Ligand code: X2X
């Protein structure tokens, strides 16, 4: 793509359809002028500079190119169509065709999707991908398809291991979480986990998180380090405590009926490129995480490492693992434990 460079694109402020962007700069102008046969809408809540949106742009461009301009997917990043709660309603109704959403937020609709977010379960990416590309991911995708108007594509995208930032103190031990006004995404598991630490979790959609931190509605939040940078949370947060308390991903969700009404070859083409983009984004996030500490320290953030053992012990004493083992059931819980070891 000659003239539509990554920099011009990011300056654009919103992601255009592949056809429009490519029409502006791509050599195959013949099909770019063609009227697409399938015009689809894809929403997500991340900044356009996040690797997830960079790879999503490549994905829609590849789909447009390989379909000779017949498939146009317009991307709406940064919650442009509404916050996660609103957009979840839109994809359920079919007003939006695709939506990238954390399995833990999806848990507000389908409880068992939250299994991948159990606190301190995953210790490393070998465990994550062994589970999410294996039996646990398959079980969660099946429960999504069986219990909603949605379906999830095979490869989950990576959000990363979540850490805690605050404006007022470093977090070293569970005692530091007591009474902390902590923003969490809308999900029963998130609230339950931080109540287990006697924190004061407050449910706020990501779209409203920066302003909530700026106005001190919340003193802290928890997100992967790459999002602290891409969402510029360092502007309103001072301390970054490397808790790695949860791994989180993003399911590429489709409205099941609308997607299955597309011709089989169109479905296959979209899934091929979406799954490939997920694999590329996973690699991007690992690379990005290597140098991001220096970047954030350069922005004035103060880092500290954390020993996770006391945090896991506290959750155990609070009955968190017991509660969610009961909620998810023995079969799903043992699928998780077969990937990460015993949590009880
Ligand atoms: O809302 C969040 O914190 C985010 C962006 O990480 C998710 O979508 C779960």
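The values are calculated or read from the model by the stated rules, or taken from the named source; none is laboratory data. Nothing here was measured: the structure is a model prediction, and the numbers come from that model. In this analysis, Cβ positions are derived from the backbone assuming ideal geometry, glycine residues included, and neighbour counts consider all displayed protein chains.
Let's see how each residue does on (1) over 21 Å from residue 312 (Cβ atoms); (2) within 16 Å of the ligand (Cβ to nearest atom):
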residue: 155; (1), (2): yes, no
residue: 168; (1), (2): yes, no
residue: 176; (1), (2): no, no
residue: 181; (1), (2): yes, yes
residue: 187; (1), (2): no, yes
residue: 192; (1), (2): no, yes
residue: 196; (1), (2): no, no
residue: 201; (1), (2): no, yes
residue: 208; (1), (2): yes, yes
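The set of residues in segment 213-234 being surrounded by fewer than 19 Cβ atoms within 10 Å (Cβ to Cβ) and either within 14 Å of the ligand (Cβ to nearest atom) or in contact (Cβ under 8 Å) with a residue 24 or more places away in the chain (or both) consists of 216, 217, 232, 234. For segment 310-320, the criterion of being within 20 Å of residue 101 (Cβ to Cβ) and surrounded by fewer than 14 Cβ atoms within 10 Å (Cβ to Cβ) is met by none of the residues. Return a yes/no flag: does segment 57-72 have any residue that is modelled with pLDDT of 95 or more, on the phi > 0 side of the Ramachandran plot and not in a helix (DSSP H, G or I). Checking segment 57-72: at least one residue is modelled with pLDDT of 95 or more, on the phi > 0 side of the Ramachandran plot and not in a helix (DSSP H, G or I). Only residues that are in contact with a strand residue (DSSP E or B) (Cβ under 7 Å, 6 or more places away or on another chain) and in a helix (DSSP H, G or I) were counted in segment 159-190, giving 1. For segment 163-174, residues that are surrounded by fewer than 23 Cβ atoms within 10 Å (Cβ to Cβ) and touching a helix residue (DSSP H, G or I) at 6+ places or on another chain (Cβ under 9 Å) total 6. If we keep just the residues of segment 102-126 that are closer than 14 Å to residue 339 by Cα and without any contact (Cβ under 8 Å) to a residue 60 or more places away in the chain, which is surrounded by the most Cβ atoms within 10 Å (Cβ to Cβ)? Top of the filtered list is 124. The set of residues from segment 143-158 being part of a helix (DSSP H, G or I) and farther than 19 Å from residue 337 by Cβ comprises 144, 145, 146, 147. Checked against the criterion of being over 30 Å from residue 310 (Cα atoms), in contact (Cβ under 8 Å) with a residue 12 or more places away in the chain, surrounded by fewer than 16 Cβ atoms within 10 Å (Cβ to Cβ) and away from the ligand (no atom under 16 Å from the Cβ), the candidates 267, 276, 261, 271 yield just one match: 276.
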